[in-house]
Amino acid sequence: MNRFTQMLLDQGLAFNQKFSETAANGVDWLFRHDTLVKSGQTWFELILDGDPMSVRYYELPGEDEIELADGSTMEIQQNKHDIPLVLVPPLGVTTETFDLMPQRSLVRYMVAQGYKVYLVDWGKPTKEHKRLNLRDYSYHMMSEALAKVREHSGSEQLSMMGWCMGGLLCLLHQGQVKDPNIRNIVTVASPIDLLQGGGVIAGVSQALNGPAQLVKNYGRMSMKDVDSSLMSLPPWMTTLAFKLTAPVASVTTYWDLLTRLWDREFVESHSTTSDYLNNMLRYPGGVLQDMTAKVIVDNQLAKGKLELSDGTIAELDTIESSLLVFAGQTDHLVPPSIAQASTEVVATEDTEFHVAPGGHMGVILGSKAQKVVWKESAKWLASRSSH
């Protein structure tokens, strides 16, 4: 057989192989989609099962190493840091946020880095929970969650790490309880100073500020007078809101899927991410009311204090915990100028601020998050996680 014939044969075999793989993946994507979704596969123990909030403790039993996003592996550290790490997701998303895929799982990564990892699961709010507000989440539920973590771990001292609203809830909690045993806080893309920055939220805040002040000063009705249940966002609206943080990506990925349908790993990644984005949760109206009136319109967080619905003041300007803040370089929702203000309003001098690759979701969930945000957080916490 001459070289030309061999080349044609090899190309024909490769085409047949790719065609077979494309057909098999296409059938699974159309009719057996669940087999392609790889989220939420890390083992956990449910240490608190509430309504709607629960708490999970993660481990990697029987494993010596984990696979990373770039295909390499990382050995699991068997010696645990003294201070546990509590992960806090934002509202409106599922727990898969921090356990998206085995190779892109923040919980697996932090366990492998030697941390006792806990996750606050805000649950799946129903219409019965539509009036839940920032005080409910940042104080009542968070206090219950952290008490259970302390009981389970045997450690009074804790570290906390939250993305977007999750990071803000960490700061609001500490601003209310002023707990010296909350040693470290890491926030990723969490909004603070909306009037001084750019981005979508800042634009809305600046546009609403003038009219809102007129109504507040001369009108008889303010945002707090609105029935909070009317502001609750159904799941489809939460899904739309998150997709609008990266509108181009939500469209182009379907073209990517068609052109790479032969690639099983890519199809699994695409299916898992799409499943996550298409299954957002109800957003409580009480929280949205608080955020609109106090954060977006009044910009209270930038002043270091936030008045909650029962009159309680969350005093961010008294926080003494060490603070690490990340912002997404291309985040159009919470750009760096808005997130960086966290380091300026707290009382502690032990603060760091980093701009990382990615948009609002990519900064914590994207392909580069593991080598930047996750790695830097693990390193920063390690030097502050011994008694």
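Of the conditions (1) open to solvent by 10 Å² or more (accessible area, probe 1.4 Å); (2) modelled with pLDDT under 95; (3) closer than 27 Å to L233 by Cα; (4) not small (G, A, S), E144 satisfies every one except a single condition; which number is it? Evaluating E144 over (1) open to solvent by 10 Å² or more (accessible area, probe 1.4 Å); (2) modelled with pLDDT under 95; (3) closer than 27 Å to L233 by Cα; (4) not small (G, A, S) leaves (2) as the failure. For the condition open to solvent by 30 Å² or more (accessible area, probe 1.4 Å), over 16 Å from V177 (Cβ atoms) and over 16 Å from the mean Cα position of the chain (by Cα), E315 does not qualify.
If you go through segment 86-140 and keep only what is within 20 Å of C170 (Cα to Cα), in contact with a strand residue (DSSP E or B) (Cβ under 7 Å, 6 or more places away or on another chain), in a helix (DSSP H, G or I) and open to solvent by 10 Å² or more (accessible area, probe 1.4 Å), you end up with just T95.
In segment 281-305, the residues that are of a type in the set (F, W, Y) reach residues that are assigned to a helix (DSSP H, G or I) and surrounded by fewer than 21 Cβ atoms within 10 Å (Cβ to Cβ) with C-beta atoms within less than 9 angstrom, at least six apart or across chains, in these pairs: Y283/M231; Y283/P235; Y283/M237; Y283/T238; Y283/A241.
Consider segment 73-85 and keep the residues that are free of Cβ contacts under 8 Å to residues at least 60 places away in the same chain and either polar (S, T, N, Q) or open to solvent by less than 10 Å² (accessible area, probe 1.4 Å) (or both). The one that is farthest from L172 (Cα to Cα) is T73. Under the condition of being of a type in the set (D, E, K, R) and open to solvent by less than 20 Å² (accessible area, probe 1.4 Å), the residues counted in segment 340-387 number 0. When the criteria are applied in full, G40 meets the requirement of being at pLDDT below 90 and not hydrophobic (A, V, I, L, M, F, W, C). Taking the criterion of being surrounded by fewer than 24 Cβ atoms within 10 Å (Cβ to Cβ) and in contact (Cβ under 8 Å) with a residue 40 or more places away in the chain, the residues of segment 324-335 that qualify are H332, L333.
Those strands (runs of 3 or more DSSP E) of segment 293-356 in which at least 3 residues are of a type in the set (A, V, I, L, M, F, W, C) and in contact with a helix residue (DSSP H, G or I) (Cβ under 6 Å, 6 or more places away or on another chain), considering only elements entirely within it, cover 322-328, 351-356.
The values are calculated or read from the model by the stated rules, or taken from the named source; none is laboratory data. Just so you know, these numbers come straight off a predicted model, no measurement behind them. Glycine gets a Cβ as well: all are built from the backbone with ideal geometry, and neighbour counts include every protein chain shown. Note: areas computed on protein heavy atoms with side chains; ligands, DNA, RNA excluded. Shrake-Rupley method; radii C 1.70, N 1.55, O 1.52, S 1.80 Å.
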